[in-house]
Each structure stands twice: as structure tokens, then as C-alpha cells.
Amino acid sequence: MKIYVSGLYSGGNPQPGVGITRSLRQGYPDATLVGVEYSNRSSGIHWPELDEVWLQRPWDELNLSAHGEAIRALLDGGALWISGSDLETMWLASVFPEGHANLLTPNAAALARITKPQVEAHEGLPVQIPPYIPTDRSDWDLHAFCRKHDWRVWLKGPYYDAVRTRSWDSFEAVRTTLAKVWNTERLFLQAHVTGYEESVMLCAYEGELLGCVRMRKREITEEGKTWAGDVSEVDEAFLTPLRRILRELNWTGGGELEMVRDADHRLWLLEMNPRFPAWVHGATIAGVNLPALLVEGATGVAAQRPEPGRGEFTRVVVEVPVRSEFPLPPLPEHLGGGTGHSLKHPSGLPALAERLHKLNVLDGGDNETSSGGDAPTVPNTMVEDLLAQDFNRIETPAWVFMESTAADTFKRAAAMAHTLSTNQTRVTNAYSIKTNPDARLIKLALDSGFMAEGISLLELHKALEVGFRPDQLILNGPGKWWPEGMIPKEQIHAVFCDSAPDLKKTVAALNSGELKAKIVGVRIRTPHIPSRFGIALDTPETFKSLVESIATLPEDTGFGVHFHMASSNIGVKAWWRLFDSMLRWCQSLERLTGRTIEVLDIGGGWFPDDWHSVDHSDFAKAVKRAQAALPNVGQIISEPGKAMAQPTMALAMRVLETQEEDGEITEAVVDASIAELPMYFHYPHRVLTQDRGGDWKTLKRGKSQLMGRLCMEHDVVAANIELPEGTRAGDVLVFCDAGGYDRSMSYVFGRG
Amino acid sequence: MYLAEVETRAVQATEVPEVTSCTVKWDSWPASTISHHGQACCEIAREWMLANDFSQLGDAAALTGPRWLPKKYPWGPSPWPMHWCEAVGRKKLDCGAHQAISQELFTARGVQSRPAQFVQQFSEEATRHWGHKWGEDQVPAGWIDGDVIYHEGCAVTVEGDEIKLWDASAGWWIDPQQSGGYGALLSVRILDPSAEAPQTLSWGGRQLALNRWNTV
Ligand SMILES: [Zn+2]
């Protein structure tokens, strides 16, 4: 009996070839085992239990049809083939569309039905698929998905690779890298599931399940790979549907379902691999030799049974002698100034993926590159606002006040506050002046029933200048008393203290009569959250001193608590969790200080879509929870930060020059820059341009880079955009969603 | 009641449990509890523990073990008796304190939890070092007996009579599929004075009788 086993890469993220070999050797001591590899850098070729090594050139050099024919000759000659590589398996399925009795890998139809992330074939198994979104959607939608899932998301490649992306700029960087490596834009974002990882490994021949085991990972490498595990039987509730599914797929070969079990014991399916996992020999040690069962099922030749084991296995690092016929190749020279070099994919799997795209065995490659995903949508008011401008008369770069969009945004917020208010608790909006101190927006806030929230005395004075009354002002932040001597003489609505010294100073100012405020409160920082603001509650000492400090507040002022956190950074669900966490701490403060909380000031950087487009049921429920937890709260001040300002301004710019390659614009320089779009790295902006017919259209992702006018390396205002054909110098582009911190934090640079 | 005090008490079995040689020594030990001064000092400390647990748990399921506790207060010698205001100020807490606090945390989450007493297998090597460590802090180490130790944790109800055993010092759930060896659980007693005897709980398919030692 001669068995070919491929996938001998044995680095930190190993392929299963060595494990399969060891298991086959146990089951068939006399079989001739031939290791198949596509790189002499894959250390598994030196595994001593291999009788022979069939070393091929890396996938980018290989003549695929000749290799296919050679394999056919081997199989026809009676040899068996077990693949340890997903991509090789996919390629073999295309070479042998009708299968081959000696080819122990799944067929193309079965492979199509286990494509991740949806893994169609999972229907019937007691598992769920974690939420996901393909990356061919617009950046606007992808950013929304990340916010929805609290930035606990994985960006995954179509065949291999998964990277946690915790922010927009890291997502963009990883997307660029993975798309380049695998030559496809068909990546996907998937929500993270917290839990313990476990797998079911199986083998089947022509649809008949021959054996399976469950393995729980007990030690995990930094890359998330199994280092130790325990092996047990698969329960009937899993086994019955699995047997049916494998029959429907007419599955041949090994396979693995990778899952996570959450704290509520629910199973989440991450992927189904069309091959044995690298830990396959761990199960053999535990007494279940699936590679041998597979060979036995295919040939009818009885395998030697493994000794029953203890059910646990672990890995160790083992040095083996190098085979004399395959001496170690030289280490490649370091690229200029580089350190070390990577052994990732030494056999050129990305090159195989690219070739399979070209052969249409797999989707992806050059034929997809023109897609660039969906174009994002914009509200009608934004288009109306742009149509109202005469861009021929506007000197660029220029901020465009989106008048009807701004009016609509404030109107909605006012309506929401009205709807959410109850007899017991009034919900009041507050406008955060720092998000955009433009007088038009401050006036709009005043006219829409907002209060004004400032982080400095200068900001409060700006609000007074626009027409706010002192009793409509809220002061907070770490430097709120700056500049000196500008505390309003009249009573303001509320002051929130950011630290213990700030609380002391505020109490002194109240006692001396320098400050008059209806409400004095504290900004709290709940534990477990990285923030520089507010009084930290993460140690019993700071909590105790807070409790004691609150006792020093004058009895004739009301007491309030301020809780702000940027929802756009931590995510929407996380924000509401923190809200509940804040309520819990408020209850403790009330109980321990004897002071009742009358005002809650909640908010902090919401993404406009999350704030304005929801049905407000989350907020309505939160008001109820606040009332239940803190019955004396008469006012909830809602301050959604940039959610108000961000949509209200756009940045218009002109193209200064374009560069083309093969008839496509690869680069364009514009007269705006990151000095006007400092938030470019943090979230996607919707970019519009007017077509020849005068209609405003949003631009899709594409291959062009928009370079800012600054002579600065990082001044790239859009790294991947599709400019319309015929774009030329003088054309106007408008970046929407720039009315928040883009506007208020923009700086003067390169203007002499 | 607490470890340092009880270890000096005479062994007085109130019923006839399934006592193995290693459980005799600790049979009279009740599970540890944290004391309260009945004043603001302890009230603030206890509120901090409970509110902090709420924040640390986030959106995780209520059955998630409070691993933040041994992370903030690593396992180590603790003088007894211990009050809440003393517990929050310590750098290290022993298993009795971890158990007693975790017990309160689970209860505050609305999860039923009972104190669990463990006898665990280690090695003479391990226990000798622990003995030194406790000696340096001048805390008695009656929880050590040769190569086995007395340890405390929580028996947390999953559903009905199904429980999981939380090792509140290690920050993990004890694996019911374990067999003997280093670190293995040899014997467990789950305490519930209110339980109507005889009652059993199910732990990973094993039946454990309440209020008596069960050999694992
Ligand atoms: Zn006390």
C-alpha cells in the first residue's frame, strides 16, 4: 500500500501532513508513506516516518496540468492521496471532477457548500454562524458593522488568515494586505464570539461517515492554534445531522468543523475545513485513528487499532535530522534594513490561489477588481444641499454648510427628546460646542431646544454670544476653568467635575460664591474602559475617596452624574452596556452618600447613523432603566457629540492633477488635505462628484489614491477610490461627513 | 468562619460522610466567609466589589466566572478573620476569601452559588513551597497535608440540579472529565445548610451529594 500525504508545513500554524503520516504509520506499519510538498522550506519533509518525499516546485512554478496528470497516474497505479491543504484539495476537485476511488478528498460540489463564512452545509447541526458581512459592501456599511459589533471583529481571508481589527485604520491596513496576498477583494468581516474553542474532526468515504471525535483546545498558541487538547466522543445530537450532511455531500476524506462554545453552551461554527486538522494525531494518541479509518474505508484493508489513550494530548517542539537528499536551502538575504524573514506560505499557496482564480476554479482575481463594492448611499438632504451650491464660484478647499441636512438633524434630535421624555424624567438635548463651534450650528441648537455644553469658559461665552441663557449652559472637561476670570456671574445649569482635585476646586468656588450652578456632579469612569476622563472607579481607594468627596458638596445644589464615552470607538452595544454599568455605580453612590442623583448627563461621540437612524427603542428602554434604578432623576441630558455636527458640513476640493497607468487613474492630487480632514483615518467619508449631467453621485472603492496638497507622506485623503472616467484637473470632489471634528480640529498648514 | 481559626478546631464529624483519609483533617472546616464591621468602611468596600463585578462582566453571560477577582487579588496568604474593608485593601487573597467574595458576586448576578470545599492532589514539592510562603507571612498552613491540599471554590448552578465548579483562585472551571494526577480534584463537599437532605447535584454527569464529602 502506497499513500501520498501532502501539507507538510510544520511552522507555528502547521498543516496536518506530519500528523496524518504519524497516524497512518500507526495504523499501517508496513505501508509506504510518501510525503508531498511544494517547498523544501517546509520542515515536515524531514519527518523520519516518511518513506519517501515527492518534492514539487512551488505552486507558482508548477505546471499544473503536468502535475495533475502525474497524480492521475499515481492514483491509477493504486496509490492513495490524502491532501493536507485546502487549496490543493480545491484544485484536485477541479482536476478530478468525477472524483477518483483513490483520491481521498471531497468533491467540488461539497467544497462549494462549505465555503465560509456561510458554510451552507451546516443546516441541521446544533450550531449557529456568527454574524458576518462580505467586504464587497461599501466602506460606510463595513464601518457600521464594526460599530454594531463593538469593534470585536475579525477580518478573514477567503481561504486562510484571520486578523482582529480593532479600529478603522487597522481594518484598512489589513484589508489591503489580505486582498493583495490572496488576490481577491472577497474577504469578510465576522463578529467575534467569546468562548472556548472546540472542533469536530471526521472522515468519510463516498458519503459514509467512518469516524469522528470532538476535541476541546486546552492550550492555544498566540496565533490561536491548538497546542494541547482533550478528545472525546461526539454526542448523538451532533452526530445524527452530521451523518446526514456528509451523505448529502457525498463526502470523501477528512474534515474539521471549527467552533466556539460560549458561556451559555451555544456552539458557533467558524469554518468547516475539507481536510484533517493539524492535531489529527492527537486523536490517534487518544485512541481514534481517523486517517487509518479513512484508508480502511477506501481499501477494505484492516488497519491496526491504536491503543486506547487517556484522551488528552499536547505538543512539544522536536528537532529532527535533515534528509541528506534535501539539504537546507540558504536563508534569503534580508531586504534593505529588514529583520529576519517569514516562512509563511513557503510553498506559494497565494500563487496557487491566483492561478485558481485564473482557471475559474475559485472566484476572485483580476476579473473582480473592477467591482469595488457598493456605492454608499447619502440622504436626499445632502444631495439637495449640494445642488444648492454653485461650485463654479467656490474657491476650494471650502467647507460647505449643508443647511437642510443640519436642519433635519437637529429637528430629529428635538423630536426624539420630546418622544422620550416622560412625566417623571425630561430628556434634554445638549450641543457639544467643541464638535463644531460654528455659530450657525450653535444657533440651530438653541432654536431646537438644546442646552449648550462647553469644555472651557471660552466655549460658554461663545454660547452666550449666540443667545443661550446662563441657565442653559453645562460645563465639564478636565480644563473647564480655562481661561481664568471668565466664570459666568449668573447661575449656570450644571458643572461636572472630572477629577478629585477638580471636585475640590468646584466646591471651593461654590462656597466662595465665585460659581453658581443648579447642579454639581461628577464625571465617572467605569472600570475596564481605557479613558483619561472622569473619576476612575477601578480601585476601592478611588471609589472610597469619591464617596467621601461627594459628602462635601453643598446641600443647596442638586447632584448629578456625567457619563461620556465615544460610542463610535467602543461600539453601540458596548456603549449601552456601559450605560447600565454607570447606573449600577450611581446606585452605589446614592446608597453610600445619601445624595440623590437628579441629573444624568450621558453621551459622547456617537456616529450619526447610530444615533439618528435607530427607532430609539434602545434609548427609550434605557430611560426606563434609569428611572427604575434612580427614581429621583428628573432630567437626562443627552449629548450625542459629533452625531449632531458631523453630517452638517462637507469639504469641497478640486483635482489639481491626475496620473494614469494603462488608461486608469492611479493617483490624483487635490487641493484639500488631511489638515482639513484630520479624521480621515478614523472613519470613512462619503465622497460625491457631479457627473456631466449635473447629478451628484457617491464614489465607490477603487484603485485610485487621492493625495492631499501637503508635502507630507501621510497626506492621503482617500487610499482606494474609483474616480469617474475622464476625471481631470479642476473637477470638484465633495467629502461629506466632515462637519464634526474634521471641521473643528482642522488646522492651518502649508499656507505660508 | 475562616481558615485560620477553624484549622485549630477539633475534628468532629456530625454525620457519617464518605470520608477518605485526606478529608478527615478538614471535615470540621466550614467554608470561609468575609466579616462586616456593620459600618461604612465595609459597606463601601462591598459595594465596590459588587459594582465592579457588574462592570467587569459587561455583556458576558452571568455564568461567566469572575476571573477579574484573582487577577486583581492574586492567590496568597491572608490573615483571618477578614472584613470587607480589609479584603479590598489586600494585595493577595487566599482561596477562602476568593470563594467567599465570588459567592457574593454570583448571588448579586442572580446566579445560585454554594460554597464548595475541595481536596486536591499536588506534590510534596509544591506543598513545601506553599508551606514556606505561608510561613514567611506568619499565616498557618493547615490547609496543607503532605501532597494534598484543602481548597475552596464555588458550586454554581447552571440549571436545575446541574452545577459547575468554579475555582475562584485559579480563575477556571474545574473539568469534570479530569482523572487523577497533579492538580486533580480528589474530593469535594458542597455546603448548603438550607438543603433538605439528602440532595444530590449533577456535575458533568457525576452525582455529588450535598453537605458531605464526595470522592471524585
Ligand atoms: Zn470595615
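What follows is calculated from the coordinates using simple rules that are stated; it is not laboratory data. From a predicted model like this one, the values you see are computed outputs, not experimental measurements. All Cβ positions, even for glycine, are placed from backbone atoms using ideal geometry, and neighbour counts span all protein chains on display.
In terms of its C-alpha gyration tensor, segment A:156-203 comes out oblate, because a/c is 1.5 or above while a/b does not outweigh b/c. Taking the Cβ of A:PRO647 as the centre, find all other residues whose Cβ is under 12 Å away and add up their charges (Lys, Arg: +1; Asp, Glu: -1). Charge balance near A:PRO647 sits at -2. Using the Cβ of A:GLY571 as centre and a radius below 11 Å, the other residues enclosed give a net charge of +3, where K and R count +1 and D and E count -1. Phi angles of segment A:187-201 translate, via the Karplus equation with coefficients 6.51, -1.76, 1.60 and θ = phi - 60°, into HN-Hα couplings of 9, 8, 9, 10, 5, 6, 10, 7, x, 9, 8, 8, 9, 10, 9 Hz per residue; Gly and Pro are given as x. Distance from the C-alpha centroid of segment A:105-154 to that of segment A:393-435: 36 Å, rounded to the whole angstrom. Across chain A, the mean sequence separation of Cα contacts (distance under 8 Å, 6 or more residues apart), normalised by length, yields a relative contact order of 11 percent.
Cβ crowding within 10 Å, taken as a proxy for footprinting-reagent exposure, orders A:VAL95, A:VAL378, A:VAL734 from fewest neighbours to most as A:VAL95, A:VAL378, A:VAL734. The aspartates and glutamates whose alpha-carbon is closer than 20 Å to the alpha-carbon of B:LYS133, local same-chain residues fewer than 8 away aside, are B:GLU5, B:GLU7, B:ASP94, B:GLU124, B:GLU125, B:ASP145, B:ASP147, B:GLU152. Do the alpha carbons of any pairs in A:LYS156/A:LYS573; A:LYS443/A:LYS480; A:LYS480/B:LYS72; A:LYS462/A:LYS505; A:LYS573/B:LYS91; A:LYS518/B:LYS71 sit beyond 31 Å of each other, and which pairs? In this structure, A:LYS480/B:LYS72; A:LYS573/B:LYS91; A:LYS518/B:LYS71 lie more than 31 Å apart at Cα. A simple charge model with +1 on the Cβ of Lys and Arg, -1 on the Cβ of Asp and Glu and nothing else charged puts the dipole of segment A:132-192 at about 180 debye relative to its Cα centre. Our estimate of slack between A:ARG261 and A:LYS621, defined as 0.36 nm per intervening residue step minus the Cα-Cα distance, is 126.6 nm.
What whole number of Å gives the distance from the Cα centroid of segment A:440-491 to the Cα centroid of segment A:163-192? Spelled out, the Cα-based centre of one part sits 43 Å from the other. Over chain A, DSSP H runs of length four or greater, each weighted -39,500 (n - 2.57), average out per residue to a 222 nm ellipticity of -9000 deg cm²/dmol. In this calculation the C-beta distance from A:ASP169 to B:ASP161 is compared with R0 = 51 Å, giving a FRET efficiency of 0.50. Simple spin-label model, 7 Å along Cα-to-Cβ: A:MET745 to A:ARG426 in nm? Placing both labels 7 Å along Cα→Cβ, they lie 3.4 nm apart. Here the 3J(HN,Hα) profile of segment A:640-649, calculated from phi with Karplus coefficients 6.51, -1.76 and 1.60 at θ = phi - 60°, is x, x, 5, 4, 7, 7, 3, x, 7, 9 Hz, Gly and Pro shown as x.
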